[in-house]
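Here is the structure we will look at, set down as structure tokens.
The values are calculated or read from the model by the stated rules, or taken from the named source; none is laboratory data. For clarity, every value in this text was computed on a predicted model and none was experimentally measured. Methodologically, a virtual Cβ is constructed for each residue, glycine included, from the backbone with ideal geometry; neighbour enumeration extends over all protein chains shown. The area values use the complete protein model at the heavy-atom level, side chains included, leaving out ligands, DNA and RNA. Shrake-Rupley method; radii C 1.70, N 1.55, O 1.52, S 1.80 Å.
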Amino acid sequence: MRHRIAVVGGGPGGLTFARVLHRHDHPVAILERDPAPDARPLGGTLDLHEGLGQLALDKAGLLAEFQALSRPEGQAMRILDTDGTVLRDWRPRPDEQANPEIDRGQLRDLLLGPLDVRWGRGVTQVVPGTRDGVLIHFADGRQETFDLVVGADGAWSRTRPAVSPVTPHYTGVTTVETSLDDVDTRHPDLARLIGDGSVSVHGVNRKLVAQRNSGGHVKVYAQFRAPLDWHANLDLADAEAVRSSLLALFDGWAAPVLDLLHHGTAFVHRPLYVLPVSHTWTHVPGVTLLGDAAHLMPPLGAGANLAMLDGAELAESIATGPGDLDEAVRAFEEQMWARAGRWAKITTAGLERLVSPDPAAALALFDQVQPS
């Protein structure tokens, strides 16, 4: 008899898990709290690494379709001094496929394919060890049991309490996000400044990053070290007030750089939270976690990649393993913890250098990762 399996969360990790199981003809219930696929903006672009996200897509049989959609030119990176001087300008080779970019919406649609998502199914609690299996409580009052529940529900996972009491903690770094539309037509000077990929500018304990998405859309991120309540006297819904606050924070930077903030539309506050670097738990039969629910770390290009590979590997273990569901999950957890621990150390150290009292630390990190 087929195992009754549910994945909580329809992000990259949860959908990759479901898509690989689907490839092996194993049904899975995908439980997503959003009421519809287009219920909210999905965020910016993702770079999928050859040995991580691309490997996961290969396991799902989707690598060729990804390569047709992705933007290899989006790997380009430019670093400026706060006075506008170009310090580094790296451009990928035409055949460079190490980390091509893809919009989150395009990736989501690629993964969805034939999958049947239960939209509007918000999970409030997961209770293992009941007579009929793992019990899921839904926000609408309904309940359902499964043999395995996989928590792919992100930083503030409702599944995590079933296996771990740990909650995310604030890093001391916050992000305020804005965006530019139709940048090539409406803001050609900024389009040239950003190039085909991204541009970043590093100051003392703060940085500005602009990253090109498809269709002339650009995401802009202001990152800085501040107390969690830095905005106590600021109305975050007041775009002009937020803009003024950010312009004061980056006062003295070159005018073309500050234009990224001048021309931004709405502003979204995103403080950066993480889980402990080596977050593990005592195995609980019938419940496991993947992606940010298991190993939330600074957003330096690893998170979605790791979530997707987590999902693909867990699905393969279940679909092609010897048949013992619990043993397959145990083996997956050990493998995931080791890999996630390595990446958590890398990204935690990276955040310290990228938003640092010494801006030269960010440049040194770039030269270490992307030597000329």
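Condition first: in a helix (DSSP H, G or I), hydrophobic (A, V, I, L, M, F, W, C) and open to solvent by 30 Å² or more (accessible area, probe 1.4 Å). Now tell me which residues in the range 52-88 satisfy that. Of everything in the range 52-88, those that are in a helix (DSSP H, G or I), hydrophobic (A, V, I, L, M, F, W, C) and open to solvent by 30 Å² or more (accessible area, probe 1.4 Å) turn out to be L55, L63, A64, A68, L69.
Among the residues of the range 135-172, write down those that are of a type in the set (V, I, T) and open to solvent by 60 Å² or more (accessible area, probe 1.4 Å).
If the condition is that a residue be of a type in the set (V, I, T) and open to solvent by 60 Å² or more (accessible area, probe 1.4 Å), then T167 is the only one that fits.
Of all residues in the range 89-127, those satisfying the criterion of being outside any loop (DSSP other than H, G, I, E, B), within 21 Å of the chain's Cα centre (by Cα) and more than 15 Å from A36 (Cα to Cα) are E101, I102, D103, R104, Q106, L107, L110, L111, V123.
Tell me, which residue of the range 112-121 that is of a type outside the set (A, V, I, L, M, F, W, C) and either free of Cβ contacts under 8 Å to residues at least 40 places away in the same chain or surrounded by fewer than 17 Cβ atoms within 10 Å (Cβ to Cβ) (or both) is farthest from M308 (Cα to Cα)? Here the residue is G120. Residues that are closer than 29 Å to L193 by Cβ and of a type in the set (D, E) within the range 51-97 comprise E73, D81, D83, D89, D95, E96, listed in sequence order. In the set (1) among the small types (G, A, S); (2) free of Cβ contacts under 8 Å to residues at least 24 places away in the same chain; (3) touching an Asp or Glu at 6+ places or on another chain (Cβ under 9 Å), G141 fails one condition alone, (3). Can you tell me which residues in the range 46-86 are closer than 30 Å to D358 by Cα, acidic (D, E) and either without any contact (Cβ under 8 Å) to a residue 40 or more places away in the chain or touching a Phe, Trp or Tyr at 6+ places or on another chain (Cβ under 9 Å) (or both)? Passing the criteria: only D83. Among the residues of the range 262-274, none qualifies, meaning not one is part of a helix (DSSP H, G or I), open to solvent by less than 30 Å² (accessible area, probe 1.4 Å), out of contact with any Phe, Trp or Tyr (no Cβ under 7 Å at 6 or more places or on another chain) and more than 29 Å from A307 (Cβ to Cβ). When the range 5-51 is filtered for residues that are within 17 Å of A315 (Cβ to Cβ) and surrounded by fewer than 19 Cβ atoms within 10 Å (Cβ to Cβ), the ones remaining, listed by number, are R23, H24, D25, H26, P27, A29. Exactly one residue out of L236, L190, L249 is more than 22 Å from S70 (Cβ to Cβ), of a type outside the set (S, T, N, Q) and in contact (Cβ under 8 Å) with a residue 60 or more places away in the chain, and it is L190.
The single condition among (1) touching a Ser or Thr at 6+ places or on another chain (Cβ under 6 Å); (2) under 23 Å from A162 (Cβ atoms) that L300 does not satisfy is (2). Listed by position, the helices (runs of 4 or more DSSP H) enclosed by the range 298-372 that each have at least 3 residues that are at pLDDT 95 or above and within 20 Å of the chain's Cα centre (by Cα) are 303-320, 325-354. All of D89, D95, D83 fail the test of being out of contact with any Cys (no Cβ under 7 Å at 6 or more places or on another chain), modelled with pLDDT under 95, among the charged types (D, E, K, R) and over 30 Å from H283 (Cα atoms), apart from D95. Tell me, yes or no, whether the range 351-358 has at least one residue that is surrounded by fewer than 21 Cβ atoms within 10 Å (Cβ to Cβ), among the polar types (S, T, N, Q) and more than 30 Å from A226 (Cα to Cα). No, every residue in the range 351-358 fails to be surrounded by fewer than 21 Cβ atoms within 10 Å (Cβ to Cβ), among the polar types (S, T, N, Q) and more than 30 Å from A226 (Cα to Cα).
Just a yes or no: is a residue in the range 22-43 among the hydrophobic types (A, V, I, L, M, F, W, C) and within 22 Å of R212 (Cβ to Cβ)? Please lay out each step first, then the result.
First, pick out the residues of the range 22-43 that are among the hydrophobic types (A, V, I, L, M, F, W, C): 28-31, 36, 39, 42.
Next, only the ones that are within 22 Å of R212 (Cβ to Cβ) stay: 42.
Taking every residue of the range 22-43 in turn, at least one turns out to be among the hydrophobic types (A, V, I, L, M, F, W, C) and within 22 Å of R212 (Cβ to Cβ).
Only one of the listed residues (A302, A241, A294) is over 30 Å from M336 (Cα atoms), open to solvent by less than 60 Å² (accessible area, probe 1.4 Å) and not hydroxyl-bearing (S, T, Y). That residue is A241. For the range 246-261, residues that are touching a His at 6+ places or on another chain (Cβ under 8 Å) and open to solvent by 40 Å² or more (accessible area, probe 1.4 Å) total 1. The residue list R206, R192 contains one member that is of a type in the set (K, R) and within 17 Å of L247 (Cβ to Cβ), which is R206.
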